[in-house]
Amino acid sequence: MKKYLAGLILPVLYFLSPTVANAQVETTLQPNQITITGNRLEKQPPRQIFVQTNSPIQDLRVLVLDLNRRDGNSVFPASGIVSNKQNWQTIKSNQMLIPLEFNLIQAPSSGEYNGTMRLSYTGGELTLPITLQVKDFWLLPVLVLFLGTGLGILVSVYRAQGRPRDEILVRVGQLQTQIQEDIEFGKITAFKQYIEGCLIEIKMDLQIEKWEQAIATLEQAENVWKRWVKGRTDWLQQFNYCQQLREQLEDKNPNDLEVKAILRDLEATINDVPELETPEQFRERLEKIAQQMNQFVLESQKQDLKALMAEIPIEKRTTILPEFEQLEAKIATESIANPKQFKALTTELNDLTLKAQDIENESSARGAISKSLFGFTGVMSPPPVMNRSTTSTPETTKAGVRLKLFTWTSYAIAVIFLAGTGFSQLYIDNPTFGANPWKDYFALMAWGFGAEATRDAITKVVQSWNLPGLK
């Protein structure tokens, strides 16, 4: 029985013994694949390769082949992978540690390179797959990202501040050019001063970035210019007539209260001309002033005649008194707006005055009686001008510095966060950044450009909520 069992066990042990031996010592290469990720300027730490065979390792050789880039356009040279034999470590007769050094600076360009390294020894050969993922050094991508961000900031600032200012300044320049080419316009002080005042207001609004208010003021100036161009001939005629009225008033007694009142009305009418829509409106107001002047002339002549009649003896005065009363009633009832009626009334007053002078039989002139009728009242001095200090105080200077510091700091923080997100996604997470320079760098620049656009859009949305402290 024992012999029978031994006959069965011994063959089984014979077949199992090589398997157990082989299970105990296998040919091993660890790691079974090497993947290196880095940029072309940073030095990579050496990698250790563990080699184990089922027999003592003899005559081990390391053969590195060139690594081809995935697209096949370039090759990573084998000289960039170094294994110094002096640094090999023998652990056991069948176990060794082999260090490998990767010099990524020899990569002709960024990208993914794939290849193999062969380890041959007496009685066998092992193959180690190698993958190199090489990217550009971080400095240039950061500069490109900041360049895109800077371009975005410039566009955003120009769109928010520069463009509205330039559009307004272009329109202002066009208006000034048209005004300079119109010689007649410079003679009309009312229009010229009004537009110059508008241009000063526009300049001040631009300094404090009130674009809408500056545009509204510019539109007023442009409308005044359009009204002038549209009715230039009629405006000139009315202003010539206005100058005639002023000269006639200045020929009168300048100290007369009535003359002063008419002159004030005339100046007010001239100052209001830019706000009038048509020359016809200006003519209507001048016609009212002309009627005031006619009324003043008639009243002056009537007062002169009264003064003359007062010097005539009573017995002779009765010969012209009925005519005077009749003429006085006629002046009160008839309209002086009609030039013919006004001329007829003045003629009758002059004739009656000559008749009274004949009755008085005096040769002294009476033409200046009305000039001293109301006397001189004098002109009040203008109020004194208070000189107020316009120099900035230390508090205002510090406030301006703090405001600028807060604005630029918040601006920089927002842009850095947005740009940092793009740098992380496009550069850090991309192991072969730079393999396609046009694609990678333009994507990075576009992200930087869009970071500012995103910040500007978010800012406008938040400001539209009208929350305290966000305007």
Completion exercise
In this structure, the FRET efficiency calculated for residue 187 and residue 216 from their beta-carbon separation, with R0 = 35 Å, to the nearest 0.05, is 0.80
Completion exercise
Using a 1.4 Å probe on heavy atoms of the protein chains only, the accessible area for residue 441 in Å², nearest 10, reads 30
Exercise for the section: Mind checking the per residue accessible area of region 53-130 for me, 1.4 Å probe, whole number of Å²? Expected result: 53
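Send over a whole-number figure in Å² for the accessible area per residue of region 207-295, probe 1.4 Å. Intermediate results must be reported in sequence, preceding the final value.
Numbers: 5200 Å² over 89 residues.
Normalised by residue count, the accessible surface of region 207-295 is 58 Å².
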Practice task
Determine the alpha carbon to alpha carbon distance for each of 288/343; 230/288; 260/302; 187/343 and list only those over 28 Å.
Solution key: 187/343
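For region 207-267, which whole-number percentage of the solvent-accessible area (1.4 Å probe, protein heavy atoms only) is attributable to carbon and sulfur atoms?
Ligands and nucleic acids excluded, carbon and sulfur reach 44 percent.
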Handout entry: For residue 68, residues with placed amide H under 5 Å, excluding near neighbours
Key = 76, 114
Problem - Mean Cα-pair separation over length for region 142-272, i.e. relative contact order, pairs under 8 Å, 6 or more apart, % - result: 18
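For Cα pairs less than 8 Å apart in space and 6+ apart in sequence, what is the mean separation divided by the residue count of region 62-219, i.e. the relative contact order in percent? Walk me through the intermediate numbers first.
Working: 165 pairs, mean separation 23.6, N = 158.
Taking the mean separation of contacting Cα pairs over the length of region 62-219, I get 15 percent.
What do the square roots of 5 times the Cα gyration tensor eigenvalues come to for region 66-218, in whole Å, largest first, as semi-axes of the equivalent ellipsoid? List each step's numbers first, then the result.
On the way: eigenvalues 1247, 42, 20 Å².
The answer is 79, 15, 10 Å, longest axis first.
Mind running the shape call on region 185-233? Use the C-alpha gyration tensor, a ≥ b ≥ c as the square roots of the eigenvalues: rounded below 1.5 for a/c, prolate if a/b tops b/c, oblate otherwise. Write out the running numbers ahead of the final one.
Working: a/c = 4.95, a/b = 2.02, b/c = 2.45.
Since a/c reaches 1.5 but b/c is at least a/b, the shape of region 185-233 is classed as oblate.
Rounded, prolate or oblate: which fits region 236-307 when a ≥ b ≥ c are the square roots of the eigenvalues of the alpha-carbon gyration tensor, with rounded for a/c under 1.5 and prolate only if a/b beats b/c?
On the way: a/c = 2.57, a/b = 2.21, b/c = 1.16.
Prolate, since a/c reaches 1.5 and a/b exceeds b/c.
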Handout entry: Simple label model, 7 Å out from Cα along Cβ direction - residue 424 to residue 401, nm
Key = 3.6
Handout entry: Listed residues 138, 168, 127: farthest to the positive end of the dipole of region 89-184 (Cβ charges)
Key = 127
Problem - region 53-73 and region 187-237: distance between their alpha carbon centers, rounded to Å - result: 85
Fill in the blank from the handout: For residue 75, placing the label point 7 angstrom along Cα-to-beta-carbon and taking region 100-116, residues whose amide nitrogen sits under 20 Å are 102-116
Practice task
Would you mind telling me the share, in percent, of accessible area of region 39-95 contributed by carbon and sulfur at probe 1.4 angstrom?
Solution key: 45
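Restricting to region 37-154, compute how many DSSP beta bridges are antiparallel as a %, nearest 5. Intermediate values should be presented prior to the final figure.
Details: 30 of 33 bridges.
Given both bridge residues lie in region 37-154, the antiparallel proportion sits at roughly 90 percent.
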Exercise for the section: Using label points projected 7 Å from each Cα along Cα→Cβ, tell me how many nm separate residue 265 and residue 161, to one decimal. Expected result: 5.3
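The values are calculated or read from the model by the stated rules, or taken from the named source; none is laboratory data. In this text the structure is predicted, and so the values were computed from the model without any measurement. Note: ideal-geometry Cβ built from the backbone for every residue, glycine included; neighbour counts use all protein chains shown. Please note that ligands, DNA and RNA were not included when accessible areas were found on the heavy atoms of the full protein model with its side chains. Shrake-Rupley method; radii C 1.70, N 1.55, O 1.52, S 1.80 Å.
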